[in-house]
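Shown next, in structure tokens, is the structure this report addresses.
The values are calculated or read from the model by the stated rules, or taken from the named source; none is laboratory data. Being a predicted model, the structure only gives us computed values, none of them experimental. Here the Cβ positions follow ideal geometry from the backbone for every residue, glycine too, while neighbour counts run over all protein chains shown. Calculation scope for accessible area: heavy atoms of the full protein, side chains included, ligands and nucleic acids excluded. Shrake-Rupley method; radii C 1.70, N 1.55, O 1.52, S 1.80 Å.
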Amino acid sequence: MFNRFDRYVARNVVAATLITEIILVALYFGIIFINKLGGIQGNYGVGASFIYQCLRIPWRIYQFAPLSVLLGALIGLGNMAASNELTAMRAAGCSIARLTFSAIKPLLVISLLVMAMGQWVIPSSEQAAQDYRATKQQQGQEVDSTDNGLWQLDHGNAYHFDAIRSNGTLLGIVRYEFDGTRLIEADTAQSGTYDHQQRQWILHNVQRTNFNNDSVSPSHTDTMLWQTDLTPTLLSRMLIDPQTQSISSLWDLAHYQRDQHTSSSTTSLYMWQKILQPLSFISLMLMAASFVFGPLRSKSASTRIFIGVVIGLCIHYLQQIMAPLSLLYGILPVLAVLLPIVLCTLLGLYLFSKNK
């Protein structure tokens with residue numbers, strides 16, 4: 001599968017990709033760590049914030065993998081072009097298409113490793129990170145609401161959850177019960193544990209408020225039963241960023257959202273992004289190779305890298321805005337994911353066609 005030329009090209013491209021990945025993750029780690037220092041309080045101090053960011057490093061590696069592939073290919077192939085190694089290979093009978101395919105081959109292995117990380121490693125590491133932060137942010141018997149909280153509709157009632165631990169304990173539950181459009185009851189619970197035999201939640205330290213026509217009646221109870229189809233597994237998938245979840249989890253979550261008659265476009269979009277990630281890597285490599293062999297080959301390496309960064313960021317932000325656009329205009333999620341890949345591939349082929 002890999003001859004001598006293939007191995008040499010692959011070694012240069014993979015080495016440049018790994019170095020680029022390490023630099024991007026390290027830079028972003030420092031930036032996000034400093035940025036989050038303003039939100040520390042109580043038990044969640046500087047040390048806890050540092051550990052939390054360390055637990056999220058697998059997700060950062062996954063997040064920057066596409067940009068690292070683009071820049072790594074630019075740097076690896078660019079260095080070979082600058083030292084006339086590509087010229088020597090072409091003189092030895094290797095065509096541009098053959099050299100490009102040699103650079104794409106190792107990406108198939110990398111894409112499989114990244115997909116495996118997204119399927120098994122990242123969901124566990126993200127759950128551990130959220131669990132650690134939720135535990136540290138507990139102040140005595142109080143639970144602070146965080147930006148990872150979730151609003152959810154279930155059988156006509158509105159719920160808000162602050163966080164869920166890896167052991168299935170739910171923190172900070174608020175329930176609003178409506179009669180049509182009129183609020184009739186509000187419950188606030190400190191925590192909840194799930195009874196798997198009875199398939200119900202047991203809420204602890206519950207504050208209840210009944211809203212009558214002309215009065216408000218507060219009450220308190222130590223425990224209260226809550227019957228719902230929301231299991232700890234399902235709530236974990238809903239509370240954790242869908243971008244960091246596995247393909248199977250996103251599939252189940254999308255089906256639940258459809259059953260609840262809520263939009264599953266964003267969830268499906270992230271699922272298709274993970275499924276089609278190998279095609280995304282190939283399109284980025286194709287575009288990077290077109291920078292080296294196409295009309296930009298006469299430009300300096302710094303110019304090619306700068307253009308690659310700009311285009312890579314444009315593709316990244318295009319993927320980010322496709323979620324709200326697919327929701328707003330009813331675009332099929334699979335088409336929304338394929339659009340940046342097709343545009344990237346067409347741009348690469350166009351630049352190859354300009355090769356003289």
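Brief remarks on what is shown
- Segment 141-241 shape via C-alpha gyration tensor axes, a/c threshold 1.5: prolate
- (1) 19.4, 60; (2) 20.3, 69; (3) 25.2, 90, with the label sought being that of the calculated Rg and Dmax of the Cα atoms in Å: (3)
- Taking all protein chains together, W272, W120, W251 sort by accessible area into W120, W251, W272, largest first [probe 1.4 Å].
- Dipole of the chain, positive end: most advanced residue of N205, F64, A103 [Cβ charges, Cα centre]: A103
- C-alpha long axis of helix 46-55 to longest principal axis of the chain, angle in °: 60 degrees
- For the chain, the longest principal axis of the Cα atoms and the long axis of helix 122-136 meet at an angle of about 40 degrees.
- The charge dipole of the chain, taken about its Cα centre with unit charges on the Cβ of Lys, Arg, Asp and Glu (plus for the first two, minus for the last two), comes to roughly 2380 debye.
- Rounded to the nearest 20, the size of the Cβ-charge dipole of segment 31-147 about its Cα centre is 460 debye, with Lys and Arg at +1 and Asp and Glu at -1.
- Segment 178-296, relative contact order [Cα under 8 Å, separation at least 6], %: 14 percent
- Max mean-square fluctuation residue, GNM over the chain, Cα-Cα springs under 10 Å, options M271, M322, M224: M224
- At an R0 of 35 angstrom, the distance between the Cβ atoms of I51 and L349 translates into a FRET efficiency of 0.15.
- With Cα atoms, 0 to 90° folded angle of helix 265-275 axis to the chain main axis: 40 degrees
- Projecting the Cα atoms of L171, T193, H255 onto the dipole axis of the chain, where Lys and Arg carry +1 and Asp and Glu carry -1 at the beta carbon, places H255 farthest toward the positive end.
- Order of exposure, largest accessible area first, which applies to K36, K274 with probe 1.4 Å: K36, K274
- Working from label points 7 Å from Cα in the Cα-to-Cβ sense, the L279 to A15 distance is 3.4 nm.
- Max mean-square fluctuation residue, GNM over the chain, Cα-Cα springs under 10 Å, options S191, S298, S166: S298
- Relative to the Cα centre, the charge distribution of segment 205-315, modelled as +1 at Lys and Arg Cβ and -1 at Asp and Glu Cβ, gives a dipole magnitude of about 860 debye.
- Placing a label point 7 Å from the Cα of Q119 along the Cα-to-Cβ line, the residues of segment 226-258 whose backbone N sits under 12 Å from it are 246-249.
- The distance linking segment 173-239 with segment 246-313 is 40 Å (Cα centroid to Cα centroid, whole angstrom).
- Cleavage-rule hits (trypsin sites (Lys or Arg not before Pro)) in segment 156-218: DSSP loop, at most 16 neighbouring Cβ within 10 angstrom: R199
- Solvent-accessible area of D222, all protein chains in place: 110 Å² (probe radius 1.4 Å, heavy atoms, ligands and nucleic acids excluded).
- Long pairs among K274/K299; K136/K274; K299/K354, criterion Cα-Cα beyond 25 Å: K274/K299; K136/K274
- Contact order, relative form, for the chain: 16 percent (alpha carbon pairs under 8 Å, 6 or more residues apart, mean separation divided by residue count).
- Using a Förster distance of 41 Å, the FRET efficiency for V334-S166 (Cβ separation, nearest 0.05): 0.80
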